[in-house]
1. Could you check residue 242 against (1) acidic (Asp, Glu); (2) free of Cβ contacts under 8 Å to residues at least 24 places away in the same chain; (3) assigned to a loop (DSSP other than H, G, I, E, B) and say which number it fails?
2. In this structure, is residue 75 crowded, with 18+ Cβ neighbours inside 10 Å, within 22 Å of residue 16 (Cβ to Cβ) and within 23 Å of the chain's Cα centre (by Cα)?
3. Would you mind stating whether residue 87 is outside any strand (DSSP E or B), on the phi > 0 side of the Ramachandran plot and surrounded by fewer than 24 Cβ atoms within 10 Å (Cβ to Cβ)?
4. Given the range 9-71, what helices (runs of 4 or more DSSP H) lie entirely inside it while holding 2 or more residues that are crowded, with 18+ Cβ neighbours inside 10 Å and at pLDDT below 95?
5. Are any residues in the range 163-209 part of a strand (DSSP E or B), of a type in the set (A, V, I, L, M, F, W, C) and buried (at least 18 other Cβ atoms within 10 Å of the Cβ), and if so, which ones?
6. Being open to solvent by 20 Å² or more (accessible area, probe 1.4 Å) and assigned to a loop (DSSP other than H, G, I, E, B) is the filter; apply it to the range 293-313 and report the residue that is nearest to residue 359 (Cα to Cα).
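The values are calculated or read from the model by the stated rules, or taken from the named source; none is laboratory data. In this text, all values refer to a predicted model and were calculated from it rather than measured experimentally. Here the Cβ positions follow ideal geometry from the backbone for every residue, glycine too, while neighbour counts run over all protein chains shown. These accessible areas exclude ligands, DNA and RNA; they are computed on the full protein's heavy atoms, side chains included. Shrake-Rupley method; radii C 1.70, N 1.55, O 1.52, S 1.80 Å.
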Amino acid sequence: MPVGVAAARSYPPAVTVERMAERIRTQARACQALGSPFYAVLLQLVADDVLADGPAAAVLAGHEDDPGPSALALRMMGTVHRLVLSGEAPDLAAHYPSAGGDGDPRAAWSILRGLLRSEPLRIAAGLVDAPQTNEVGRAAVLLGALARVLEPEPMPVRLWEIGCSGGLNLRADRFRYRSADGGVWGPMSPVELDPAWTNRPTPARVSVRVVERVGGDLAPVDPATDEGAIRLASYVWPDQAERMRRLRGAILVAREHPATLVRASAAAFLDDLKPADGALTVLWHSVMWQYLPADEQRRVRAAIDRIGSEATDSAPFAHIAFEPRRLTPAGRYRFLAAVRTWPGGAERIVGEAPAHGIPVTWGEPAPDEPRADGPSRQE
C-alpha cells in the first residue's frame with residue numbers, strides 16, 4: 001500500500017538523519033523482540049552507517065522524513081533479500097539462512113555494505129514499495145474471527161481483502177489450524193498453523209464455505225509465478241524458517257485455489273462492493289492500515305459505512321480487521337482482532353495475537369497497560 005512521506009522538512013538535515021537512524025534502530029529492536037536476531041544486528045549496523053554518511057545513507061537519501069510506520073528499513077531489507085533469493089547476490093546469500101547461508105550478520109554486513117555502494121539506484125528503487133509480507137500466520141486471526149461471525153447462522157462467504165499483496169490469506173479456509181486446547185479445524189493442507197489458537201474461537205466447528213475471493217492492492221503479486229513467489233518470500237525475515245515454511249505452503253495452496261487480484265487503491269477497490277442476497281459479504285485486512293495516508297483511511301472508513309448501510313438480514317456484511325491499535329489513548333499499541341457486523345454495525349474486539357498472528361487468544365482482551373515505546377507497529 002502507499003507509503004506516506006512528510007510534505008516538508010522542518011528540521012535541519014542532521015536532525016532528520018539522526019531521526020531516520022533511530023527509526024531503523026527501533027525496527028532492529030522490533031526484529032530482536034519478534035525473533036530475528038539476524039536482522040536485529042544488520043539493522044543496527046545500517047543505522048550506524050547512516051550516521052557515518054556511508055553507502056546506506058546514500059541509498060536512503062530523500063527518505064529522512066518517512067514516518068516510522070512506513071517501515072523504511074524493511075523496504076530496503078526486502079529489496080536486498082529479493083536479490084539474495086533470486087541468485088543475484090551469491091556472496092551475500094552465503095550468510096542468509098533463507099538461502100542456506102551461515103546466518104552470520106556481521107559477515108553479511110561487510111558484503112551488504114558493498115552491495116549498497118555498487119547498486120544504490122537498484123536498491124533505492126525498491127523503497128517505493130511497501131512490504132509485501134502477506135504474513136500467513138495472520139490467517140489464524142482472520143479465519144477464527146470469521147468463524148465467530150458465522151457461528152450463529154452459517155452462510156456462503158464472499159471474501160474481499162484490501163492490502164492483499166499476493167492474496168494468500170484469501171485462501172485461509174484451505175489452511176489447517178490446531179488449538180492449544182485440543183481443537184483441530186480445516187482440511188489437510190501444506191499450511192498447518194500449530195498452535196494457531198490458545199483456545200478455540202467457537203465451541204463448535206463452524207463450516208466456512210468461500211464462494212468468492214477478491215483482493216485489492218496497489219501492487220498485487222501473482223504467487224503462481226516464480227517472480228511473485230520470490231517477491232513474497234523476500235519480505236519474510238531470513239532467519240525465520242517457520243514463517244518461510246508457512247509462506248511457501250500458502251503459495252502451493254494459492255496455485256490450487258484461484259483468487260481475483262485487482263490493482264487499485266483501497267478506497268477505489270471498495271467502490272463497487274455491495275452486499276449480496278444469500279451470502280455473507282466479508283471485508284478483511286491485516287497489518288496494512290499503517291501504510292494508508294490519512295485521507296485514504298477516511299475514504300475507506302466511509303466506504304465501509306456505506307456498504308454496511310446497504311446490508312440486510314438476507315445480505316449481511318462483516319468487516320474484520322487485525323491491526324495495531326490502542327484500547328485507550330494512553331495505552332500501548334496491541335494487535336487486536338476487531339469485528340463489525342451489519343445490519344447494526346456494532347464493533348467488538350474478539351481476540352488478541354502477536355504481530356505475526358499466532359497464537360491467537362480469543363475473548364475480550366485484558367485491560368490496557370501504560371503506553372510504552374516498542375515493536376508493536378513493526379512488521
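1. (3)
2. Spelling it out, residue 75 is indeed crowded, with 18+ Cβ neighbours inside 10 Å, within 22 Å of residue 16 (Cβ to Cβ) and within 23 Å of the chain's Cα centre (by Cα).
3. yes
4. The qualifying helices (runs of 4 or more DSSP H) are 13-33.
5. 185, 193, 196, 197
6. 293
Residues checked against (1) modelled with pLDDT of 95 or more; (2) buried (at least 17 other Cβ atoms within 10 Å of the Cβ); (3) within 14 Å of residue 132 (Cα to Cα):
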| residue | (1), (2), (3) |
| --- | --- |
| 247 | yes, yes, yes |
| 251 | yes, yes, yes |
| 259 | yes, yes, no |
| 274 | yes, no, no |
| 280 | yes, yes, no |
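Residue-by-condition table, conditions (1) on the phi > 0 side of the Ramachandran plot; (2) outside any helix (DSSP H, G or I):
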site	(1), (2)
112	no, no
121	no, no
134	yes, yes
145	no, no
152	no, yes
